Amino acid sequence: MRRRAIASVLVLILLATASFAQKKDALDSEGHAWWQHAVFYEIYPRSFADSNNDGIGDLPGITSKLDYLRWLGVDAIWIAPMFPSPEVDWGYDVSDYFNVNPDYGTLADMDKLVATGKQRNIRVLLDFVLTYTSDQNPWFQESRSSRTNPKREWFIWRDGKDASQPEKTPPTNWTSLFGGSAWRFDAATGQWYYHYFYPPQPNLNWRNPEVEKAMFDVTRWWYKRGIAGFRLDAVDVMFVDSQFRDNPVVGTEKNALGDPVEREIYDKNQPELHGVLQRLRKVADENNAVLIGETWTSDIAQLKRYYGEHNDEVQMPMDFMFTTINKLSPPEFRHQIDWIEGSGEWPVWVLSNHDIRRVYDRYGDGQHNDQIAKLMASLYLTLRGTAVMYYGEEIGMEQNDPKRPEDVKDSQGRLGWPKEKGRDGERTPMQWTDSTNAGFSTVAPWLPVDDRYKTYNVESEKKDPESILNYYQKLLTLRHTNPALLEGKYIALNESDPNVLAFVRSYKGENVLVVLNMSSSGQTIKPELTQNAIAAKEGKTLLSSFNAREEMNTNEMTIPPFGAWIGELK
Ligand code: GLC
Ligand code: CA
């Protein structure tokens, strides 16, 4: 009797743990996973919140702001690299994948961040720098130590092209994104190693199965700690041509860094990378995790490849083509939206990040920037798909480029000064209050705070009902609660209008109309509803960036300059 009781308890425990291990997040009635309706938010850890006042943001700082993010409506954060790093490229040169940079805290701080996030329903994603390591990473240190070291083949080593002067002739003509040859000669062993980015960022050799295993294990290790997924860095340059052929050179002009212009057919987008992504996805699926791709593409066919033929690669390849539309152009946005809508994939929208100029001035005209910030938010946060925000956009943080070369922290800015000021301008400290250093820290932060922080900060904007911040907060609430915005299909309206971008999101008879005036003058538009078989007498305002009436006549609508209107059709 007793033995049977013990046995059944054991079975119960076994069942419980088995179901726990395999527990997948439930899909909604439309078959959508949690991340499809989530709002992601990128945090640049050095600049978000500083808990110990050393001028550098850190993990406890992020933890202390999770309540703010919950209030705002953020469901998941992606933290740019927070691993130990010599900071040649601000974290994108990882010297240890299994630890936290002491500037940012400890593994215990990371565990606490994850646990606190869990209580608030905010998942934590990390940045997986998988294409290359730091030259200070022990793997590379071993690899460079001798030609016979077991880790030699973990990186890409080659002899010089010309045997009579090997140290003067790189193996191919490939150039580094940051200028010069992508090969560096290492005198100790008399061979060249390959680096697509800075020389201290040697590329891993993904053709070596040991590399794949080691790197997949990195993800498993973090999944066990509760990490909900990864943003995959620089996946397009993970592989180079196995035959090491030269890229064709285009014309005789040099690029901004003084290098020949090449068609990057042998050092980029090699087909083998998709095999890795499929296998990495399997590991992610086993851990109920999501992968976001840093997927720079120039057309939709390329972007589509990253989803995988059977939706078995990256769940969230970011659509960067959207970010290259640098003007308020309804036709261009419409085209990009139609493109991805027509592809049958789940779109992933981004306006800016730590590599792209801040959206506030990219679209701003210098006079109506606040309205334009609300307009752009109303565009990408009402489209079908998942959105990835960048910290600070919700308060209207602007580009804050360094003023003197000696202040530049990003090597790209040092190399390109004064033409190219680098990316410090989009990485400045988050503005929390109107007190010293915007409440980021009591000492001078690692990058200067934007002068406008007295007005543009979380605390002050929270109190102002008309602020950009309150607009974002309302917009995110709407996005999370309105069924048409959550699930609805996208229907483009008035497709030849050059000034106003209008569309409907439609779900089970519920229709939300979005009207965005992208011009500097008032516009009157007659939304083509009946033409699209949408019956409506009027529109109930859900959110607008101007003083709209509660009920709007949707036969003919007048929208002020840069105005945004979102309403429910009745
Ligand atoms: C990725 C990162 C960027 C970095 C580059 C090279 O593109 O987003 O910040 O400079 O990799 O390391
Ligand atoms: Ca700190």
(message) Given (1) without any contact (Cβ under 8 Å) to a residue 40 or more places away in the chain; (2) surrounded by 20 or more Cβ atoms within 10 Å (Cβ to Cβ), identify the lone condition not met by residue 292.
(response) (1)
(request) With respect to residue 394, determine if the residue is farther than 25 Å from residue 468 by Cβ and either among the β-branched types (Val, Ile, Thr) or touching a residue at least 40 places away in the same chain (Cβ under 8 Å) (or both). (result) no
(message) Can you name every one of the strands (runs of 3 or more DSSP E) wholly within the stretch 168-283 that holds 1 or more residues which are among the basic types (Lys, Arg) and open to solvent by less than 10 Å² (accessible area, probe 1.4 Å)?
(response) 229-232
(message) Can you pull out every residue in the stretch 547-570 that is free of Cβ contacts under 8 Å to residues at least 24 places away in the same chain, touching a strand residue (DSSP E or B) at 6+ places or on another chain (Cβ under 9 Å) and surrounded by fewer than 16 Cβ atoms within 10 Å (Cβ to Cβ)?
(response) 549, 550, 551, 553
(message) Among the listed residues 183, 174, identify the single one that is within 16 Å of ligand 1 (Cβ to nearest atom), over 21 Å from residue 80 (Cα atoms) and among the hydrophobic types (A, V, I, L, M, F, W, C).
(response) 174
(request) Name the single residue, out of those in the stretch 64-82 being open to solvent by less than 30 Å² (accessible area, probe 1.4 Å) and among the small types (Gly, Ala, Ser), that is nearest to ligand 1 (Cβ to nearest atom). (result) 80
(request) For the stretch 122-145, name all the residues that are in contact with a helix residue (DSSP H, G or I) (Cβ under 7 Å, 6 or more places away or on another chain) and away from ligand 1 (no atom under 16 Å from the Cβ). (result) 122, 123, 124, 139, 143
(request) Filter the stretch 140-156 for residues that are open to solvent by 40 Å² or more (accessible area, probe 1.4 Å) and either within 30 Å of residue 75 (Cβ to Cβ) or in contact with a strand residue (DSSP E or B) (Cβ under 9 Å, 6 or more places away or on another chain) (or both) and give the result. (result) 144, 147
(request) Would you be able to say whether some residue in the stretch 98-106 is in the same structural domain as residue 233 (by TED's automatic domain parsing), within 16 Å of ligand 2 (Cβ to nearest atom) and under 19 Å from residue 386 (Cα atoms)? (result) no
(message) Every residue in the stretch 52-66 that is in contact with a Ser or Thr (Cβ under 9 Å, 6 or more places away or on another chain) and either over 16 Å from residue 107 (Cα atoms) or not assigned by TED's automatic domain parsing to the domain that holds residue 128 (or both), please.
(response) 52, 53, 54, 55, 56, 64, 66
(request) Scan the stretch 210-268 for residues that are among the basic types (Lys, Arg), modelled with pLDDT of 95 or more and more than 30 Å from residue 387 (Cα to Cα) and jot them down. (result) 213, 245, 263
(message) Among (1) open to solvent by 50 Å² or more (accessible area, probe 1.4 Å); (2) at pLDDT below 95; (3) part of a loop (DSSP other than H, G, I, E, B), there is one condition residue 28 misses while meeting the rest; what is its number?
(response) (1)
(request) Take the stretch 47-63 and flag every residue that is within 11 Å of ligand 2 (Cβ to nearest atom), open to solvent by 10 Å² or more (accessible area, probe 1.4 Å) and without any contact (Cβ under 8 Å) to a residue 60 or more places away in the chain. (result) 51, 52, 60
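The values are calculated or read from the model by the stated rules, or taken from the named source; none is laboratory data. Values in this document were obtained by computation on a predicted structure and should not be read as measured data. Glycine gets a Cβ as well: all are built from the backbone with ideal geometry, and neighbour counts include every protein chain shown. Accessible surface is based on the protein model in full, side chains and every heavy atom, while ligands, DNA and RNA are left aside. Shrake-Rupley method; radii C 1.70, N 1.55, O 1.52, S 1.80 Å.
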